[in-house]
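Sending over a structure as structure tokens; questions will come in a sec.
The values are calculated or read from the model by the stated rules, or taken from the named source; none is laboratory data. Just so it is clear, the model here is predicted, and its values are computed rather than measured. Cβ coordinates were reconstructed from backbone atoms using ideal geometry, including for glycine residues, and neighbour counts include every protein chain displayed. Please note that ligands, DNA and RNA were not included when accessible areas were found on the heavy atoms of the full protein model with its side chains. Shrake-Rupley method; radii C 1.70, N 1.55, O 1.52, S 1.80 Å.
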Amino acid sequence: MTPFRVPNLWAQRNPRVRLCPVLSLSFSPRDIGKILVGYPEGAVTFSFKQNVAQKYFEYEVPPGALGGNGDVPASEMRRPRLTRALWHPNGIFVLTVHDDNSLVFWDSKDGRKIMARSINTPNIDQPGVSPERPQSATGLKDPITNVAWCVKDNGDDSGLLIAGGRPKAEANKGLTFIDLGPSPNYQTSSWAMIAKYFETPKRTALLPTPPGAEVVDFCPIPRSTPYYGGAHDPIALLALLSSGEVITMSFPVVIPSLRQTCSILTLVSCIRS
């Protein structure tokens with residue numbers, strides 16, 4: 001075993017937590033000496049150079065706020081469990097995804113929460129906010145199963161590719177792409193400008209999959225480099241369906257181009273195509 005060991009960072013923050021496994025782990029895209037660790041209770045950035053936990057990100061939904069999966073405000077405080085944590089390509093902003101389908105953006109430099117939103121509705125952690133699109137009587141959505149922060153050829157122009165998070169009643173669910181556009185300059189932009197960037201993306205597009213198919217996982221295929229977690233200027237996707245089938249999809253104009261059963265031969269065929 002290596003002599004270097006990073007302890008459970010969340011147990012150091014809250015010793016009363018009994019079970020706190022690591023759910024996600026990623027290096028900063030701009031600093032190999034910094035990692036983002038996701039636990040069920042929240043996320044934390046850790047510096048290898050300083051050997052310290054730098055910032056903790058813990059999401060709470062106050063009474064009267066919608067949260068990510070509701071159309072009626074709750075009457076009590078909630079702490080949705082974290083499912084994954086990602087870096088923005090600039091290495092400054094952080095996204096945490098939660099089991100109520102909340103997408104929460106943070107400033108990794110000072111630890112402040114910038115914006116909490118669902119796929120369609122911003123400010124879901126603010127009391128009095130109504131859903132942007134009224135839901136069905138059940139108000140239930142599928143859980144978010146995967147998120148990739150995709151970067152275009154310009155490293156400052158990015159968007160979120162999301163599997164899941166669509167209403168359960170929808171017949172054709174597909175993938176959701178939230179095109180955030182060029183990120184504001186952190187040094188010269190006001191806090192309001194940064195919050196507006198995450199509140200009002202350039203566009204939100206539904207990327208279709210075969211009728212009745214549901215994407216449970218996907219892997220972006222980069223055009224030329226492996227950077228940004230393999231999501232730098234993706235040219236295509238491999239999408240795993242709930243049926244166990246794999247399809248290839250062109251990106252960003254996503255059209256199903258191949259549908260075969262999931263096997264080693266199929267994956268080789270998909271990658272070559």
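If the cut-off is 20 Å between C-alpha atoms, which aspartates and glutamates fall inside it for Lys202, apart from same-chain ones fewer than 8 positions away?
Straight-distance partners of Lys202: Glu132, Asp153, Asp156, Asp157, Asp179, Asp233.
A further question follows. Given only helices, namely DSSP H runs of n ≥ 4 each adding -39500 (n - 2.57), what is the per-residue ellipticity at 222 nm of the chain, to the nearest 500 deg cm²/dmol?
Only helices count here, giving -2500 deg cm²/dmol.
Can you return the lysines within cross-link range of Lys196? Criterion is Cα-Cα under 30 Å, with same-chain partners fewer than 8 residues away left out.
Counting by Cα, and skipping residues close in sequence, Lys196 has these lysines nearby: Lys34, Lys55, Lys109, Lys113, Lys141, Lys152, Lys168, Lys173.
In whole angstrom, how long is each semi-axis of the equivalent ellipsoid of the stretch 86-184, when you take the square root of 5 times every eigenvalue of its Cα gyration tensor and sort them from largest down? Could the numbers behind the result be given before it?
Details: eigenvalues 118, 58, 24 Å².
Result for the stretch 86-184: semi-axes of 24, 17, 11 Å.
Can you work out the FRET efficiency for the pair Gln187 and Thr121, with r the C-beta to C-beta distance and R0 = 30 Å, to the nearest 0.05?
Values: r = 30 Å, r/R0 = 1.00.
Between Gln187 and Thr121 the formula returns 0.50.
When only alpha-carbon atoms are used, what values of Rg and Dmax, in angstrom, describe the stretch 1-141?
16.2, 55
If you don't mind, there's one more thing I want to ask. Mind running the shape call on the stretch 143-213? Use the C-alpha gyration tensor, a ≥ b ≥ c as the square roots of the eigenvalues: rounded below 1.5 for a/c, prolate if a/b tops b/c, oblate otherwise.
Cα axes put the stretch 143-213 in the prolate bin.
Still on this structure, I have one more. Write down the accessible area per residue of the chain in Å², having rolled a 1.4 Å probe over the full set of protein chains.
Result: 50 Å² per residue.
Taking the square root of 5 times each eigenvalue of the Cα gyration tensor, what semi-axes in Å does the equivalent ellipsoid of the chain have, largest first?
Calculated on Cα positions only, the semi-axes equal 28, 25, 19 Å.
A further question on this structure: Any idea what the relative contact order of the stretch 52-211 is, in percent, if you count C-alpha pairs under 8 Å spaced at least 6 apart?
17 percent.
What percent does the relative contact order of the chain come to when contacts are Cα pairs within less than 8 Å and at least six residues apart? The partial results should precede the final answer.
Working: 626 pairs, mean separation 28.5, N = 273.
Reported as a whole number, the value is 10 percent.
Could you state the number of Å between the C-alpha centres of the stretch 72-114 and the stretch 226-253?
Cα centroid of the stretch 226-253 versus Cα centroid of the stretch 72-114: 24 Å apart.
Computing the accessible area with a 1.4 Å probe over protein heavy atoms, can you report the carbon and sulfur percentage for the stretch 1-148?
Ligands and nucleic acids excluded, carbon and sulfur give 52 percent.
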